[in-house]
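Trainee: I am attaching a structure below and will ask some questions about it afterwards.
The values are calculated or read from the model by the stated rules, or taken from the named source; none is laboratory data. Keep in mind the model is a prediction, meaning the values are calculated, not measured. Heads up, the Cβs are rebuilt from the backbone with ideal geometry, glycines too, and the neighbour counts pull from every protein chain shown.
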Ligand SMILES: Nc1nc2c(ncn2[C@@H]2O[C@H](COP(=O)(O)OP(=O)(O)OP(=O)(O)O)[C@@H](O)[C@H]2O)c(=O)[nH]1
């Protein structure tokens, strides 16, 4: 080897050593054993490289890297499984947000593609993070290819909107229970004047804490009532036990007394049969009669004491049972109130969706049994958002109350109305032909459009769109509801303020 070749060889080996040192630093962090060996290798190659020792180190690293490959594959598979799980959870949470739901589905499809190396997992994490970020803030990063909004708490974001609505409804129901609660009033005020994302989250936490506390005190009250019922029943049980034992011992005493009486009577019989003189007979009989009178007296006393005891016991049992009845009545009333509260929309005081579902299942059963006509109608106030936007949330609330009352007033006795949610109401109309349903809804619609609303000195016309459908053979409640809902959207599409039916 000449000097030139030697020089070139030295240059190559220095370059290679530097490259290996850099590459080894890049791979640091995969495992402690690898890190140690990589450090050793870097030591052998830095300064004046010692290739003999470096070769030993490289051989060791080769073996270690082979087993690391399996670990990395497992790590990738685990990470993908976790990502999939978290996106599926997210999908359930954002089920009302079409854009997010679609992005989540796209992500799931990407996650099903094979992932080879360690680095291709990072973009997947990045996408999942973006998706979660969008769900939390309503912002859609460019990576998700969806429109972005500058404002985190974009009021047009459906998720933000639905959280606001839910919060509003919760506040309404709690405001009835605690009309003077400062925190609730504060949240209500902030809600009506607009909330940013931070405030919305803080308010949700406060309301959640309130719900948990309420549920806990409810449970503790229930526990106390049950405990008190249990104690009263245990006392009644003990008293009955004592009374039964007393009765048993009284019965034994009476039997003993009867035996004494019997023996005195037998003695008299004996005396009558065998006495030799009248005086002896008289003496013996007198003695026995005295004993009989004494025994009878004792028995009468014991009976009276026993009866008094029994009367006392019955008296105390009666008052305890009355007490129990009072307690159970109070509790029954409370349960009935709770049931009615849980089935009532706090704002309009109309039955809520839960109550509608209960009523529907009964009405559906009846329709199956009797085949009597049954219709479902859905009513949606037109451009309701603009009432909120122009006159404020409180005006929107008032409108919902007035419209709810108006609709209820126009219903026949056996019809049922519930607030479905937001600005939507749902009706169950039994024993009406389609024509009768349509005529009735038409009158309702007409009368609503003539109601004199006035906000901030401005006269406002409120109208609503109606969709209705009759149960037909083989229908499920969901199918009828969907048909009515489609008619409602047809009414909206065709200009609003109209009724569309089968
Ligand atoms: N004040 C108030 N507003 C509510 C309540 N529930 C829902 N909303 C609002 O109702 C509005 C409904 O708006 P959209 O679904 O866009 O419908 P819309 O403006 O009625 O328009 P169309 O239905 O298409 O005629 C949203 O702005 C909700 O915030 C509530 O309890 N009180």
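Trainee: Is it the case that region 419-428 has a residue that's at pLDDT 95 or above, away from the ligand (no atom under 16 Å from the Cβ) and touching a strand residue (DSSP E or B) at 6+ places or on another chain (Cβ under 7 Å)?
Mentor: yes
Trainee: Something else: Please verify whether residue 380 is surrounded by fewer than 18 Cβ atoms within 10 Å (Cβ to Cβ) and in contact (Cβ under 8 Å) with a residue 12 or more places away in the chain, treating the condition exactly as stated. Show your work before the answer.
Mentor: Values: surrounded by fewer than 18 Cβ atoms within 10 Å (Cβ to Cβ): no; in contact (Cβ under 8 Å) with a residue 12 or more places away in the chain: yes.
So residue 380 does not fit the description; no.
Trainee: Is it true that residue 327 is touching a helix residue (DSSP H, G or I) at 6+ places or on another chain (Cβ under 7 Å), within 24 Å of residue 230 (Cα to Cα) and in the same structural domain as residue 264 (by TED's automatic domain parsing)? Before you say what the answer is, go through the steps one by one.
Mentor: Numbers: touching a helix residue (DSSP H, G or I) at 6+ places or on another chain (Cβ under 7 Å): yes; within 24 Å of residue 230 (Cα to Cα): yes; in the same structural domain as residue 264 (by TED's automatic domain parsing): yes.
The answer is yes for residue 327.
Trainee: Which of the residues belonging to region 390-430 are without any contact (Cβ under 8 Å) to a residue 40 or more places away in the chain, surrounded by fewer than 20 Cβ atoms within 10 Å (Cβ to Cβ), assigned to a helix (DSSP H, G or I) and under 30 Å from the mean Cα position of the chain (by Cα)? Let's see the steps before the verdict.
Mentor: The initial filter retains those residues of region 390-430 that are without any contact (Cβ under 8 Å) to a residue 40 or more places away in the chain, namely 396, 398, 409-415.
Now drop any that are not surrounded by fewer than 20 Cβ atoms within 10 Å (Cβ to Cβ), which leaves 398, 409-415.
Then keep just the ones that are assigned to a helix (DSSP H, G or I); that gives 398, 409.
If the condition is that a residue be without any contact (Cβ under 8 Å) to a residue 40 or more places away in the chain, surrounded by fewer than 20 Cβ atoms within 10 Å (Cβ to Cβ), assigned to a helix (DSSP H, G or I) and under 30 Å from the mean Cα position of the chain (by Cα), then 398 is the only one that fits.
Trainee: Right, another one. Give the number of residues within region 399-418 that are touching a helix residue (DSSP H, G or I) at 6+ places or on another chain (Cβ under 9 Å) and within 12 Å of the ligand (Cβ to nearest atom).
Mentor: Within region 399-418, residues that are touching a helix residue (DSSP H, G or I) at 6+ places or on another chain (Cβ under 9 Å) and within 12 Å of the ligand (Cβ to nearest atom) number 3.
Trainee: With the condition kept exactly as written, say whether any residue in region 479-496 is assigned to a loop (DSSP other than H, G, I, E, B), surrounded by fewer than 18 Cβ atoms within 10 Å (Cβ to Cβ) and in contact with a strand residue (DSSP E or B) (Cβ under 8 Å, 6 or more places away or on another chain). Explain how you work it out, then say what you get.
Mentor: Taking region 479-496 and keeping what is assigned to a loop (DSSP other than H, G, I, E, B), we get 494-496.
Remaining after also requiring surrounded by fewer than 18 Cβ atoms within 10 Å (Cβ to Cβ): 494-496.
Checking the rest, the ones that are also in contact with a strand residue (DSSP E or B) (Cβ under 8 Å, 6 or more places away or on another chain) come to 494, 496.
Yes, region 479-496 has at least one match.
Trainee: Test residue 387 against the stated conditions and say whether it is crowded, with 21+ Cβ neighbours inside 10 Å, within 26 Å of residue 436 (Cβ to Cβ) and within 9 Å of the ligand (Cβ to nearest atom).
Mentor: On the way: crowded, with 21+ Cβ neighbours inside 10 Å: yes; within 26 Å of residue 436 (Cβ to Cβ): no; within 9 Å of the ligand (Cβ to nearest atom): yes.
For residue 387, the condition - crowded, with 21+ Cβ neighbours inside 10 Å, within 26 Å of residue 436 (Cβ to Cβ) and within 9 Å of the ligand (Cβ to nearest atom) - is not met.
Trainee: Which condition number does residue 380 fail, the rest of (1) within 11 Å of the ligand (Cβ to nearest atom); (2) touching a strand residue (DSSP E or B) at 6+ places or on another chain (Cβ under 8 Å); (3) assigned to a helix (DSSP H, G or I) being met?
Mentor: (3)
Trainee: Taking region 471-486 as the search range and keeping residues that are within 16 Å of the ligand (Cβ to nearest atom) and touching a residue at least 60 places away in the same chain (Cβ under 8 Å), which one is farthest from residue 431 (Cα to Cα)?
Mentor: Restricting attention to region 471-486, the residues satisfying the condition of being within 16 Å of the ligand (Cβ to nearest atom) are 484-486.
Remaining after also requiring touching a residue at least 60 places away in the same chain (Cβ under 8 Å): 484-485.
Numbers: 484: 17, 485: 21 Å.
Ranking the qualifying residues of region 471-486, first place goes to 485.
Trainee: Go through region 431-455 and give me each residue that's in contact with a helix residue (DSSP H, G or I) (Cβ under 8 Å, 6 or more places away or on another chain), part of a helix (DSSP H, G or I) and more than 14 Å from the ligand (Cβ to nearest atom). It would help to see each step written out before you state the result.
Mentor: Initial filter on region 431-455 (in contact with a helix residue (DSSP H, G or I) (Cβ under 8 Å, 6 or more places away or on another chain)): 432, 444, 447-448, 451, 453, 455.
Remaining after also requiring part of a helix (DSSP H, G or I): 444, 447-448.
Answer for region 431-455, where residues must be in contact with a helix residue (DSSP H, G or I) (Cβ under 8 Å, 6 or more places away or on another chain), part of a helix (DSSP H, G or I) and more than 14 Å from the ligand (Cβ to nearest atom): 444, 447.
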